Each structure stands twice: as structure tokens, then as C-alpha cells.
Amino acid sequence: MKRFAEFIVEKTKWKKGDGKPRGGSHIENVRFWNLSDSELNYIMKDAKAAMKAQPQGKKAGKYADEVNDGATVLSWRKKNKIKVEK
């Protein structure tokens, strides 16, 4: 088993384009791991507006998943002190 310090170093080596990091949460939209912070914020803002416009629509659940997955990725990056620019 790896030591804790080696595990932390492995997590902080993650960069845009690497896909889902080891130890990262399983999310519905796996492509979100490869997007920049600004792109994720835009998707979340757009999905929130769509849910607000049609809360009973057929795709309301999809939009809720997008907001949740974007927040999950951003919080993982914040926790590991990773900022992804365009």
C-alpha cells in the first residue's frame, strides 16, 4: 500500500486532459474532468437557468446532474489546490 504522502503527490500531479483522477468521485458527465473552471461555471450557470425556466421539463434531471457534477469537479480541484485555466 502506498504511503499517504505518495498518494497526495499523485493527486496534485493531475492536469487538464488527464480525465478522472485516481480517488476522484464517480460522476455522470466524465468529460467534466477535462474542462476548465470557467467552462464548468458556464455550464452550471446555464443548467441552473434551464431548470428554473422549466422545473417540470423532461430534462430537468439532466440539468440537475450537470450542476452537481460541475460542483463536484470544482470542489475536488479546490480541495487539492488545482486551478485549471483555458
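The values are calculated or read from the model by the stated rules, or taken from the named source; none is laboratory data. Note that the structure is a prediction, hence the values are computed from the model and not measured. Using ideal geometry, Cβ is built from the backbone for each residue, glycine included, and neighbour counts are taken over all protein chains shown. We work out accessible area using only protein heavy atoms, side chains counted, and drop any ligands, DNA or RNA first. Shrake-Rupley method; radii C 1.70, N 1.55, O 1.52, S 1.80 Å.
Search segment 48-72 for residues that are open to solvent by less than 60 Å² (accessible area, probe 1.4 Å) and pair each with any residue that is among the β-branched types (Val, Ile, Thr) when their beta-carbon atoms are under 6 Å apart and the residues are at least 6 apart or on different chains.
Taking only residues 6 or more apart or on different chains, the pairs are Glu66/Ile43; Asp69/Ile27; Gly70/Ile43; Thr72/Ile27.
Quick check on Val84: is it crowded, with 16+ Cβ neighbours inside 10 Å and part of a helix (DSSP H, G or I)? Break it down stepwise before answering.
On the way: crowded, with 16+ Cβ neighbours inside 10 Å: yes; part of a helix (DSSP H, G or I): no.
It is false that Val84 is crowded, with 16+ Cβ neighbours inside 10 Å and part of a helix (DSSP H, G or I).
Write out, first by first residue and then by second, each pair whose Cβ atoms fall under 7 Å of each other, whose residues are 6+ apart or on separate chains, and whose first residue, in segment 20-34, is free of Cβ contacts under 8 Å to residues at least 40 places away in the same chain and of a type outside the set (Val, Ile, Thr) while the second is surrounded by 12 or more Cβ atoms within 10 Å (Cβ to Cβ) and not in a loop (DSSP other than H, G, I, E, B).
Pairs that qualify, where the first residue is free of Cβ contacts under 8 Å to residues at least 40 places away in the same chain and of a type outside the set (Val, Ile, Thr) and the partner is surrounded by 12 or more Cβ atoms within 10 Å (Cβ to Cβ) and not in a loop (DSSP other than H, G, I, E, B), are Lys20/Val30; Lys20/Trp33; Arg22/Glu10; Gly23/Lys11.
Have a look at Lys48, Lys16 and point out the one that is at pLDDT 95 or above and either in contact with a helix residue (DSSP H, G or I) (Cβ under 6 Å, 6 or more places away or on another chain) or at negative phi (or both). Even if it seems obvious, please write down each step before you answer.
Working: Lys16 fails: at pLDDT 95 or above.
The match here is Lys48.
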